[in-house]
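This report refers to the structure that appears directly beneath it.
The values are calculated or read from the model by the stated rules, or taken from the named source; none is laboratory data. Given the structure is predicted, the values throughout are model-derived calculations rather than measurements. Positions of Cβ are generated from backbone atoms using ideal geometry, with glycine treated the same way; all protein chains shown enter the neighbour counts.
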Amino acid sequence: MAEINTEAVPKATDLMEEVRLTFAPGMDLLQAIEELARSGVSAAPVMDSRRRIQGVLTEKDCLRLLYDSALHRARGGRVADFMSKLDDYLDADMDIFRISEVFLHNNFPMLPVLDNGKLVGCITRQHMLRGIMTLSEEEGSETAKIEADAEKAVKRPRAIAEMQRVYARYSKSQLVSRLGRKAK
């Protein structure tokens, strides 16, 4: 696999979107469920009166209402009673690799992005899939460039010095991964 151009690696600020919906901890859960359903988002941050994140209300959290009502005949409640606590937040400058690690260590479909403790956006699993596609396209274009340069050097080897100049632009692992497959 070619080495990745770190400048082209998507960061949280490249992947995130604006937070469209937030809830207060004391909000009625049935109202929050209605807003989640209408908005089409799978989760929303729960913010206190000082705009600090208290947790996240997910679709899965809302399903607990059905479970609780079947067992205890309870109907409704507050968002704070059903929300999930967050241990992990995303920093605005995190790259896609670190973000994927955070997603893999929890079950949240959406994670908030903070910049100096302030909520600036959110990233969903769908955003991550788009980021993977962007990264893959970047890697593909870099691979194509390496292969094109290598082909020129092989087709027209005017001098060893010219070949060395072309190959010097790339790391050993890039050349081995791309040219090693074709060499026989």
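Quick look at the numbers
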| quantity | calculated |
| --- | --- |
| Any hit, the range 22-40, residues being in contact with a Ser or Thr (Cβ under 6 Å, 6 or more places away or on another chain) and of a type outside the set (A, V, I, L, M, F, W, C) | no |
| Number of the exception - Phe82 against (1) modelled with pLDDT of 70 or more; (2) closer than 23 Å to Thr13 by Cα | (2) |
| Residue among Asp95, Asp91 that is under 15 Å from His127 (Cβ atoms), within 20 Å of the chain's Cα centre (by Cα), at pLDDT 90 or above and surrounded by 12 or more Cβ atoms within 10 Å (Cβ to Cβ) | Asp95 |
| Matching residues in the range 25-51 - criterion: being over 16 Å from Ile123 (Cβ atoms) and in contact (Cβ under 8 Å) with a residue 60 or more places away in the chain | Met47, Arg51 |
| Matching option when the condition is assigned to a loop (DSSP other than H, G, I, E, B) and surrounded by 17 or more Cβ atoms within 10 Å (Cβ to Cβ), among Phe103, Phe108 | Phe108 |
| Test result for Leu119, at pLDDT below 95, among the aliphatic types (A, V, I, L, M) and over 30 Å from Ser136 (Cα atoms) | no |
| Residues satisfying the stated conditions in the range 89-110, i.e. under 17 Å from Lys11 (Cβ atoms) and free of Cβ contacts under 8 Å to residues at least 24 places away in the same chain | Arg98, Glu101, Val102 |
| Hey, Thr22 out of contact with any helix residue (DSSP H, G or I) (no Cβ under 8 Å at 6 or more places or on another chain) and modelled with pLDDT of 95 or more or not | yes |
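To keep it simple, each residue is scored yes or no on (1) modelled with pLDDT under 95; (2) under 22 Å from the mean Cα position of the chain (by Cα); (3) part of a loop (DSSP other than H, G, I, E, B).
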position: Leu57; (1), (2), (3): no, yes, no
position: Leu63; (1), (2), (3): yes, no, no
position: Ser69; (1), (2), (3): yes, no, no
position: Gly76; (1), (2), (3): yes, no, yes
position: Asp87; (1), (2), (3): yes, yes, yes
